[in-house]
Amino acid sequence: MNGSAENLIEGIQRECARVREILPLYDEIPTGLFAATMMRNSIKAAESAIASGDVPAMLRAYKDLEGYEA
């Protein structure tokens, strides 16, 4: 795996950690269930993309995770 793919993986891992940190905020509010479910699905997709080595899927996962806000 080349350096840019490793940097992408590190970025995805950072974004997964960030989204995991804000998930409890969404779990606590009644209207947050849908967003929390989407976040969990995004994390799973990101982890799957890393495991498979699918760079286009990793790029999509990174962008997807990046869009979540606290």
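The values are calculated or read from the model by the stated rules, or taken from the named source; none is laboratory data. From a predicted model like this one, the values you see are computed outputs, not experimental measurements. So basically every Cβ, Gly included, is an ideal-geometry build from the backbone, and we count neighbours across all protein chains shown. Note: accessible area is taken over every heavy atom of the protein model, side chains too, but ligands, DNA and RNA are not part of it. Shrake-Rupley method; radii C 1.70, N 1.55, O 1.52, S 1.80 Å.
Could you list, in sequence order, the residues of region 28-54 that are over 14 Å from the mean Cα position of the chain (by Cα), assigned to a helix (DSSP H, G or I) and exposed (fewer than 13 other Cβ atoms within 10 Å of the Cβ)? Within region 28-54, Glu28, Pro30, Thr31, Leu33, Phe34, Ser52 qualify. In region 55-69, of all residues being outside any helix (DSSP H, G or I) and open to solvent by less than 60 Å² (accessible area, probe 1.4 Å), the one that is nearest to Glu21 (Cα to Cα) corresponds to Tyr68.
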